[in-house]
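Chemist: Structure in structure tokens, see below.
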Amino acid sequence: MAEKTPRHLLKLLPWVTVEGGAYRVNRRKMVAGDDEHVETVISDGNARIEAEALRAMQLFRKTDEMTLQGLANKFVSQFFERGAEVFPEGSVADKLYIVAHGNIEIYAMGKRGDVTRLNIVGDGDYFGEMAFVTGHPRTASARAVTPTILLSLDLETFRGFLAQSPGLKQGLDDMAAPRLSNNPSLNEYGEAHINVAAGHEGEHEIDGTYVSYEEKPREFHLSLSQAVVRLHTRIADLYNSPIDPLREQLRLTIESMKERQEWEIINNDDFGLLNNIDRDMRVRSVTGVPTPDAMDDLLSKVWKEPSFFLAHPRAIAAFGRECTRRGVPPPTMQLFDSTLLTWRGIPLVPCDKLMIGGRTRPRTGMGTTSILLLRVGEQKQGVVGLHKTGLAGEVMPSLTVRSMGINTNSVAEYLVSLYYSAAVLTEDAIGVLEDVEVGHYYEYK
């Protein structure tokens, strides 16, 4: 079967047995709120935003529907050519921006007078929100590095709605609190602070402390894939040698289910890895191609014992071309009897479940994809796979085959069930290089 792949991800994930059907991630209390990508709509070169899409931002999460609708109508669409300046450092901070399409570089002047890149933001990201918190002049500049469409909201317009909406005021306070540098209630990761004394001498009084935990921790319930294999008893009785048809039917069905399992672990809307990546753990390449610089930026996000990169084979090939162009061919290593490229000693593991061009066009080779970097294991507070063992009719961990009997047409039926899920234990366990172009080629001399 051509569908079968090495399924390296299923081999590399540490699998945790789930008791009672649910895996609860009890963790230290988060004070800072989570932000998500903001969905926008582009039509005829102009962008707009639906009111409900604004709730992806912590600022608007508690805003009432009427105010939210009014705010959505006030966002203005604007197009910027490649290289155009959005705002300069030191200018009046009077707008909030959402990127509908394209890439924006946030940069500032370094101590030695050189330009220092602070961030690259792209589709679904937003920037300039500190204007709504402090009202101070811009501390950095912004310019378009690709043709870009932005949506902007004027600060004066925002203040007009702020006076009418308590929920909007609460959202502003929630967003401001974690960003205050002198806030003693949280650490740099947005977690509730733990008082630890250090550097004292003599009979110094040590402050008491208590580790606050999330009051409503997330629970991951096992997902289910099933299939019913049907085989006429006459076939099973008369044609069972030299090839057992039931065994082969079940083998091929199980292979297909395991392929779907890997796809779901990456793409599932609930527990899929791509849909559980924190906004601060997303990286964009300036040019859209997977350059060594972009991969280093990704490593700087998942720097605590990173385990492996995960990428579509064409994305790995595109990265290889970029390394060749720069004269830094990546070394290789052996893993599962395969020779894999590495970067900074971390293997680049191929997986065709990271789609190119979205879910509907997996074979065209057009569009963009993503490259993931994971830390795995419970002890490392990384990514883990979830399953259930010890089930009745189990033929491999968490996969069962049960006879459903024979119907009046002499057809035997077998129910094949597979239970699985995945959990990201802390935000910094997984990062992503987004919108990776795989179609760039070069002529080498």
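Chemist: Going through the cross-link list Lys304/Lys380; Lys258/Lys388; Lys62/Lys301; Lys304/Lys388; Lys111/Lys304, which pairs have a Cα-Cα distance over 18 Å in this structure?
Modeler: Those over the limit are Lys62/Lys301; Lys304/Lys388; Lys111/Lys304.
Chemist: Assuming 0.36 nm per residue, please report the length gained on full extension of the stretch Gln78 to Thr17 beyond their Cα-Cα distance.
Modeler: So the chain would gain 16.9 nm between Gln78 and Thr17.
Chemist: Leaving out ligands and nucleic acids, and using a 1.4 Å probe, what accessible area per residue does the range 22-82 come to in Å²?
Modeler: 59
Chemist: Using 7 Å Cα-to-Cβ label points, what is the Asn195/Arg24 separation (nm, one decimal)?
Modeler: Reported label-point gap for Asn195 and Arg24 is 2.8 nm.
Chemist: So how far, in whole Å, is the C-alpha centre of the range 284-361 from the one of the range 386-406?
Modeler: If you average the Cα positions of each part, the centres end up 36 Å apart.
Chemist: For a Förster distance of 30 Å, can you work out the FRET efficiency between the beta-carbons of Arg251 and Lys304, rounded to the nearest 0.05? Walk me through the numbers before you get to the answer.
Modeler: Details: r = 40 Å, r/R0 = 1.32.
Approximately 0.15, to the nearest 0.05.
Chemist: Still on this structure, I have one more. Please report, as a whole percent, how much of the solvent-accessible surface of the chain comes from carbon and sulfur atoms (probe radius 1.4 Å). Present the calculation step by step, with values, prior to reporting the outcome.
Modeler: Details: 11600 of 23540 Å².
Here it works out to 49 percent.
Chemist: Just grab the label-to-label distance for His440 and Ser212, each label 7 Å out from Cα along the Cβ direction, in nm (one decimal).
Modeler: 4.4
Chemist: Now for a separate question. If I model a spin label at Asn267 and Met66 as a point 7 Å from the Cα along the Cα→Cβ vector, what separation in nanometres do I get?
Modeler: Once both label points are built, they end up 4.3 nm from each other.
Chemist: Okay, moving on. Using +1 on the beta carbon of Lys and Arg, -1 on that of Asp and Glu, and nothing else charged, what's the dipole of the range 85-163 about the Cα centre, debye to 20?
Modeler: With only Lys, Arg, Asp and Glu charged at Cβ, the dipole is about 240 debye.
Chemist: Taking the highest mean first, how do the peptides 76-85, 163-172 order by number of other beta carbon atoms within 10 angstrom per residue?
Modeler: Result, highest mean Cβ count within 10 Å first: 163-172, 76-85.
Chemist: Quickly estimate the mean residue ellipticity at 222 nm for the chain, helices only: each DSSP H run with n ≥ 4 gives -39500 (n - 2.57), and the total goes over all residues, rounded to 500.
Modeler: -6000 deg cm²/dmol
Chemist: Next question. If you take every DSSP beta bridge whose two residues both sit in the chain, what share of them, in percent to the nearest 5, is antiparallel?
Modeler: That works out to approximately 90 percent antiparallel.
Chemist: Assuming 0.36 nm per residue, please report the length gained on full extension of the stretch Asp337 to Gln226 beyond their Cα-Cα distance. Mind showing how you got there, number by number?
Modeler: Values: separation 111, 0.36 × 111 = 39.96 nm, distance 3.06 nm.
In short, 36.9 nm is gained.
Chemist: Quick one: compute the contact order of the chain, relative version, from alpha carbon pairs under 8 angstrom and 6+ residues apart, as a percent.
Modeler: The value is 18 percent.
Chemist: On to the next question. Using θ = phi - 60° and the Karplus form 6.51 cos²θ - 1.76 cosθ + 1.60, what ³J(HN,Hα) does each residue of the range 418-424 get, whole Hz, x for Gly and Pro?
Modeler: Working through the residues one at a time gives 10, 10, 6, 6, 8, 9, 9 Hz.
Chemist: Looking at (1) 25.9, 89; (2) 23.8, 77; (3) 20.3, 63, which value of Rg and Dmax of the Cα atoms in Å comes from a calculation on the structure shown?
Modeler: Comparing each candidate, only (1) matches the computed number.
Chemist: Determine the per residue accessible area of the range 154-272 with all protein chains present and a 1.4 angstrom probe, expressed in square angstrom.
Modeler: On the way: 7830 Å² over 119 residues.
Here the residues of the range 154-272 average 66 Å² of exposed surface.
Chemist: What residues have an amide H closer than 5 Å to that of Val16, excluding those fewer than 5 places away on the same chain, when H is modeled at 1.01 Å from N in the peptide plane?
Modeler: Gly385, Leu386, His387
Chemist: Can you work out the accessible area per residue across the range 383-445, with the rest of the protein chains kept in place, probe 1.4 Å, in square angstrom?
Modeler: Ligands and nucleic acids excluded, the figure is 46 Å² per residue.
The values are calculated or read from the model by the stated rules, or taken from the named source; none is laboratory data. Owing to the predicted nature of the structure, the values given are computational and were not obtained by experimental measurement. Note that we place each Cβ from the backbone using ideal geometry, even for glycine, and neighbour counts take in every protein chain shown. Just the protein is used for accessible areas: all its heavy atoms, side chains included, with ligands, DNA and RNA removed. Shrake-Rupley method; radii C 1.70, N 1.55, O 1.52, S 1.80 Å.
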